[in-house]
Every structure is written in C-alpha cells, then in structure tokens.
Amino acid sequence: SIKIVFNSCFILVGILLLSRTWSMSSIEDSGVRSLDGGMSPNSTNGDVYYENYSNDGYTPTCQLLPEEEGPLPVVLMALGRSGSSITWGTVARMTGYPNIAYEVTGQTQNKTIAFFDSINPTVGSHWASERVCEIQHRAVGKVEKGNGIVGFQWKPFLESLNHKFGDGAFREIASHSHPSIKVIYLTRNPLDRLLSNRKHDGHKHSKKLPLPAHCAVGDSDCIKQHHSAIVLPTGSELLKSLKRGSALDKLVSDKLANYGVKHVHVSYDNLYNSKNAEEWSRIFRFLQRGPQGPLTVENVTANFDLAPTSSSSSHKDIIANFDEVWETLNGTQFEHLVH
C-alpha cells in the first residue's frame, strides 16, 4: 500500500517536471522570454534587439527600430510659451535630421482632454510608443542610419497627467530599451511663461493684428511686435497662478523620475539666456547624438530657424507694473523668479 502511494507520487512529480520542461521549451521556441524590466528579445536576420513586452497582452502594431538603424525616438514635454518649437528644431538639425515635432496631444487643455478621451482603449497607455514608432518609420531613408531624432510634443496639462492613459504612458515609455524612448523635459520660469501667455492673449482680444506665435530668424518686424511691456495681475491672483505653474512643473518632474523614464530636464533660461552652451551640451550628451565635444553659443545659434522673442532678461523692462508685482512676490517662495 505504502509502495503504491510512493510510486504514484513519483509518477506525478515526473509528469509535472516534463510538463514544465515542455512549457519552457515552447516559450523559448517562440522567441519570447520574460526578462528583468519587462522586455523580451527577438531576432531579425540574426541581430538580437529588444522590444516592449507588456503583461496586459497588448501586441504592438509598430516595432521601434534599434538605435543604430533609425533616428532616435524622442518625446519633448513642454508647456506652451516655453521655447519648445525652436528647441526641437535646433536639436533636430544638429543631430542630422531637420524635422518638426507636432503637438499631437493638443495645444490647449480642451484639445488635450479630447485627445486622451479619444484613445482606443485597446491601445491605451501604448499610444505614445505607437505614435513615435510610426513617425520613426516614416523617416527611414530620409536620414543616415544612427543619426537624427524624431518624435512629437506633449504639452503636460494636468488633464493629461491625471488621465489613466497619460499616467500609464509614463510607465510604458520607461519599459522600452534598445531603443529607449527618451524624453526632453523643457521648463520655463513660470513668471516668464505667464508674461508670454498674457502678451499673446492680449493681442487676441485687441484690434491689433494677431501676434505671430514665432518669428523667423532675421524677421525684425515680427520680433519688434513681441517687444512690449505687459501688465501682470498682482496679489492673490498672481500668487495662485505661480503656485499652479510651479506645482505642475514639479508633478511632471516627479512622474518622470518615479516611473524611471529616461529623460533630461532643461530650462529655457539656461538655453537662451546663458553665455555658454552647457545646457545644449547636456541635451546632446543625453541623446548621445549631435555634438559631443566643446560647444559654443555661436555654434548653437547658427542652427536657429526661429528667433527668441524675449526683449530683455530684466523684468523691469518687460513688466509694465513691475513695482506692484515685486511688492506681491517680495518675501515669498516666488521671489527668486524675478530678475
């Protein structure tokens, strides 16, 4: 009796081991193995590369090309009036493939809400990698292998960060390797961003001609239209605006860091108001494309196709009610934003 039970257990264990061996063999034969970081290797023409493997069972419709085969997939995150267009254009040109990154998630809060609500639930949080992959494949043959960047702009309005497909995209982007999807996070002094927005909003509601969003290099008439002092709100209205802007900047920064997204955080001031090009060099070192050695401001500005439109780095020159604004901010956590 004891012998029969023992033999039965032995046979059962043997069956389980054979079943496990067959199962693992089948998985390996399929070319998909679970690895650290949720990635799985695949082979094409003998070259092994990595593609995203998701536990949600999603099958990508587009496979990102390895870094040595195509332009690098990049997402530029920046709110409006932060210099995103000129920054992308300059980096793209200096990495070997001039192109435009469109604001696919929407230029306004309402358009952003509409975009995220329109995402196919089947695609869900994979929308960003699918979009940048499509853009990457369209560039094949137009850029030398191993050069260039391609991608899109994401304006990180709070509505997109709180949306399940927005929050999920951070995690999904972070899961990619070879190639990684890299993020350039560009921020601007919230006070300067408010100034720029007020300047453009003021023209919208006046009898003047619409203020161009950007000016071409050398277009002095266009640039001159941007050089006017602006009246800012003061008191609690100004403080509330700066608190909201600063909190949003921090929220994006925290999400990028906490989800492990490969990113570089750069500032408008360091890019456009500095006497050296170190902030630009940080971008190129992060991308591992473009100039990797010493870089001068002149090297960078020679690649501008748009002109910076700030008339002065001193707020006394560009804030019409500077004394009242300073009175509001002096002694607060936002005092350092005034220059």
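Any chance you could count how many residues in the range 82-133 are closer than 22 Å to Ala302 by Cβ and not polar (S, T, N, Q)?
Qualifying residue count for the region: 13.
Suppose we keep only residues that are among the hydroxyl-bearing types (Ser, Thr, Tyr) and part of a loop (DSSP other than H, G, I, E, B) within the range 273-301. Which one would you say is most open to solvent (accessible area, probe 1.4 Å)?
So, considering only residues that are among the hydroxyl-bearing types (Ser, Thr, Tyr) and part of a loop (DSSP other than H, G, I, E, B), the one most open to solvent (accessible area, probe 1.4 Å) is Thr296.
Tell me, which strands (runs of 3 or more DSSP E) wholly within the range 34-120 include 3 or more residues that are touching a Lys or Arg at 6+ places or on another chain (Cβ under 9 Å) and either farther than 30 Å from Pro308 by Cβ or modelled with pLDDT under 95 (or both)?
Per the criteria, no element qualifies.
Working only within the range 226-246, note down all residues that are part of a helix (DSSP H, G or I) and modelled with pLDDT of 95 or more.
If the condition is that a residue be part of a helix (DSSP H, G or I) and modelled with pLDDT of 95 or more, then Gly235, Ser236, Glu237, Leu238, Leu239, Lys240, Ser241, Leu242, Lys243, Arg244, Gly245, Ser246 are the ones that fit.
Among the residues of the range 302-321, how many are in a helix (DSSP H, G or I) and either of a type in the set (Gly, Ala, Ser) or open to solvent by less than 30 Å² (accessible area, probe 1.4 Å) (or both)?
2
For the range 247-262, enumerate the residues that are outside any loop (DSSP other than H, G, I, E, B) and surrounded by fewer than 17 Cβ atoms within 10 Å (Cβ to Cβ).
Matches in the range 247-262: Ala247, Lys250, Leu251, Ser253, Asp254, Ala257, Asn258.
Residue by residue through the range 236-294, note down the ones that are over 16 Å from Ile181 (Cα atoms) and of a type in the set (D, E, K, R).
If the condition is that a residue be over 16 Å from Ile181 (Cα atoms) and of a type in the set (D, E, K, R), then Glu237, Lys240, Lys243, Arg244, Asp249, Lys250, Asp254, Asp269, Lys275, Glu278, Glu279, Arg282 are the ones that fit.
Determine if the range 135-146 includes at least one residue that is in a helix (DSSP H, G or I) and either of a type in the set (Ser, Thr, Tyr) or touching an Asp or Glu at 6+ places or on another chain (Cβ under 9 Å) (or both).
no
Looking only at the range 322-339, count every residue that is open to solvent by less than 40 Å² (accessible area, probe 1.4 Å) and of a type outside the set (A, V, I, L, M, F, W, C) and tell me the total.
Matching residues across the range 322-339 total 1.
Do you know which residues across the range 127-141 are farther than 17 Å from Val91 by Cα and over 16 Å from the mean Cα position of the chain (by Cα)?
Glu134, His137, Arg138, Val140, Gly141
On the basis of being polar (S, T, N, Q), surrounded by fewer than 16 Cβ atoms within 10 Å (Cβ to Cβ) and either part of a helix (DSSP H, G or I) or within 17 Å of the chain's Cα centre (by Cα) (or both), does Asn270 make the cut?
So Asn270 fits the description; yes.
Yes/no per residue for (1) among the aliphatic types (A, V, I, L, M); (2) on the phi < 0 side of the Ramachandran plot; (3) open to solvent by 80 Å² or more (accessible area, probe 1.4 Å):
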position: Gly124; (1), (2), (3): no, no, no
position: Ala128; (1), (2), (3): yes, yes, no
position: Val132; (1), (2), (3): yes, yes, no
position: Ile135; (1), (2), (3): yes, yes, no
position: Lys145; (1), (2), (3): no, yes, yes
position: Leu161; (1), (2), (3): yes, yes, no
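The values are calculated or read from the model by the stated rules, or taken from the named source; none is laboratory data. These numbers come from a predicted model, not from an experiment. Methodologically, a virtual Cβ is constructed for each residue, glycine included, from the backbone with ideal geometry; neighbour enumeration extends over all protein chains shown. Side chains included, ligands, DNA and RNA excluded: accessible areas come from the protein's heavy atoms. Shrake-Rupley method; radii C 1.70, N 1.55, O 1.52, S 1.80 Å.
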